[in-house]
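First up is the structure itself, then whatever we jot down about it.
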Amino acid sequence: MLVFKFGGASVKDANGMINLANVVKKYTDNQLLIVVSAMGKTTNALEKLTKAYVEQADDLHAIYENIKQYHYNIIAELFEPSNPVFNEVANTFVEIDWMIEDEPHDDYNFIYDQIVSVGELVSTRIVSAYLNKVGIKSQWLDVRGYIHTDNTYREGLVQWDKTKEIIKQGIPPLLEKGIFVTQGFLGGTSENFTTTLGREGSDYTASIFASCLGAESVTTWKDVPGVLNADPKYFDDTVKFDELTYTEAIEMTYYGATVIHPKTIKPLQNSKIPLLVKPFNDPDAAGTIIKEDGVNVFKKPVIILKQNQVLLSLSAKDYSFISENHLSDIFSLFAKNHVKVNVMQTSALSFTVCFDRVDDKFEQLLKSFYTNYKVKYNDGLTLITLRHYQLNSLKELTEGKTVLLEQVSRNTAQLVVK
């Protein structure tokens with residue numbers, strides 16, 4: 001039994017859908033569960049729609065119409081007008097129609113999940129319908145009935161015991177009947193509300209299913225030839241890893257490598273299921289395999305860039321030392337506001353921390369700190385992380401930049417720069 005995951009770039013247009021079907025066609029002799037992300041940049045567009053709805057912005061309906069039209073244009077290229085997929089997609093968008101008819105009253109994170117989740121619900125309708133059109137028997141599966149989470153909206157925590165029981169009971173009999181297509185990124189609560197698992201969480205969805213089902217492997221299909229030492233959008237001379245250990249992959253994703261979601265590896269490692277990262281435009285290429293006994297070969301350092309960073313410094317208003325009590329209070333506020341720390345540094349009188357700027361969370365976090373602390377911050381920064389580095393690599397990457405914070409250990413260097 002195999003689990004495939006196709007990201008947004010692989011289904012961003014009609015050609016992507018056709019290519020997906022060609023890839024799947026090579027594996028129709030296998031039991032196959034396919035996890036699909038929202039199409040192209042739909043999640044970003046739905047985030048913009050969510051913000052416009054909460055703020056009751058004038059361009060709310062224009063944003064929404066653009067999202068719908070993007071999907072309908074792709075459908076029109078793939079299907080005859082009489083195909084039921086047009087109605088299926090329209091009925092899925094109704095979930096947003098109902099919400100934006102009323103003024104916003106609920107928590108922002110709750111609203112976010114109910115709106116943004118529609119991207120995956122729509123994309124999987126289209127993928128499943130197209131596979132059937134080209135003769136690949138496929139059924140659509142609502143993931144919210146299988147992956148159960150708590151009520152932490154935007155960062156749903158998987159309830160593993162319940163999820164595992166339902167997947168083990170429900171999925172194997174279905175796979176006997178053909179290929180199933182389901183949504184990445186989403187979960188469901190006990191009250192039947194939709195949650196999301198964190199941005200780029202579709203990889204995690206695939207690993208949850210694979211772990212619960214004892215899959216032979218997970219393959220995530222990407223727009224890169226495999227796991228690279230750096231992002232090819234920023235670096236021309238990247239090299240591909242043929243193999244990686246689970247441990248190295250976890251380290252890379254922890255520091256922000258976006259080719260794999262950070263939570264993806266652990267369920268696979270626990271079940272000793274290999275993860276393959278392969279190019280969807282060259283499905284026969286080897287890609288990268290991540291496994292227990294993988295061999296790490298570092299011809300160049302691993303370079304990870306995180307943009308749009310904040311460097312925040314906190315000090316006590318009474319000039320007291322930063323103690324364990326202060327740190328406990330500070331971290332409780334980060335946890336309460338669901339802000340993840342990327343780098344931190346403590347001195348006698350201050351605590352400095354670097355994290356991703358997410359506007360709505362950032363403003364709430366600042367308000368939390370102003371009561372008891374003096375606050376200084378810089379934003380618009382970049383966090384550079386290097387693993388298995390040489391000193392000349394540090395010099396090259398920081399040339400012409402101002403280094404605001406630096407941490408160096410045996411295998412890893414992190415620098416916050418502007």
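The figures follow:
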quantity	calculated
Mean Cβ count within 10 Å, highest first, over the residues of peptides 80-93, 121-134	121-134, 80-93
Farthest positive-ward along the chain dipole, Cα basis, beta-carbon charges - from Ile322, Ile171, Leu131	Ile322
The chain: relative contact order in percent, alpha carbon pairs under 8 Å with at least 6 residues between	13 percent
Model label zone, Thr258; criterion: amide N under 16 Å from point 7 Å along Cα-to-beta-carbon; scope region 373-402	380-385
Nearest 10 degrees, 0 to 90: helix 324-336 Cα axis against the chain principal axis	30 degrees
Against the rule of thumb 2.2 N^0.38 Å, how large the Cα Rg of region 115-177 comes out	1.32
Förster radius 56 Å - calculated FRET efficiency between His338 and Asp293 (Cβ-Cβ, nearest 0.05)	0.95
Mean Cα-pair separation over length for region 269-406, i.e. relative contact order, pairs under 8 Å, 6 or more apart, %	31 percent
Residue-by-residue Karplus 3J(HN,Hα) for region 264-278, coefficients 6.51, -1.76, 1.60, Hz, glycine and proline x	5, 6, 4, x, 6, 4, 4, 9, 6, 9, x, 10, 9, 10, 10
Nearest-0.05 FRET efficiency for Tyr27 and Glu77, computed from C-beta distance (R0 25 Å)	0.55
Diffusion constant of region 193-240 at 20 °C, which comes from Stokes-Einstein with the Kirkwood Cα-pair radius and 1.002 mPa s, µm²/s	162 µm²/s
Farthest toward positive dipole pole in region 190-286 [+1 Lys/Arg, -1 Asp/Glu at C-beta], among Thr220, Asn281, Tyr234	Thr220
Globularity ratio of the chain, using Cα Rg and 2.2 N^0.38 Å	1.03
Span from the region 210-288 Cα centroid across to the region 9-63 one, whole angstrom	20 Å
Region 285-418: proportion of alpha-carbon pairs further apart than 24 angstrom, %	41 percent
Efficiency of FRET from Cβ geometry, Lys395 and Met99, R₀ 45 Å, rounded to 0.05	0.30
Lysine pairs meeting the criterion (Cα under 19 Å, 8 or more apart or interchain), as found in region 104-244	5
The chain - share of DSSP beta bridges that are antiparallel (%, nearest 5)	60 percent
Ellipticity estimate at 222 nm from DSSP helix runs (n ≥ 4, -39,500 (n - 2.57)) divided over the chain, nearest 500	-12500 deg cm²/dmol
Cα-projected label distance for Asn411 with Lys317, points at 7 Å along beta-carbon direction, nm	4.4 nm
Cβ-placed point charges (K, R +1; D, E -1), dipole of the chain about Cα centre in debye, nearest 20	1140 debye
Region 1-49, relative contact order [Cα under 8 Å, separation at least 6], %	55 percent
Spin-label model distance (nm) - Asp161 vs Asp360, 7 Å beyond Cα toward Cβ	3.2 nm
Cα-derived Rg over Rh, computed across region 252-294 with Rh taken as Kirkwood radius	0.99
Label point distance in nm, Lys137-Thr371, each placed 7 Å from Cα along Cα→Cβ	6.1 nm
Debye, to nearest 20: dipole size of region 280-405, +1 on Lys, Arg Cβ, -1 on Asp, Glu Cβ	340 debye
Region 126-187, dipole about Cα centre (Lys/Arg Cβ +1, Asp/Glu Cβ -1), debye to the nearest 20	240 debye
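Each reported figure results from applying straightforward, stated rules to the coordinates on display, with no laboratory input. This one's a predicted model, so the numbers in the text were calculated from it and none came from an experiment. Neighbour counts are summed over all protein chains in view; Cβ atoms, including those assigned to glycine, are modelled from backbone coordinates with ideal geometry.
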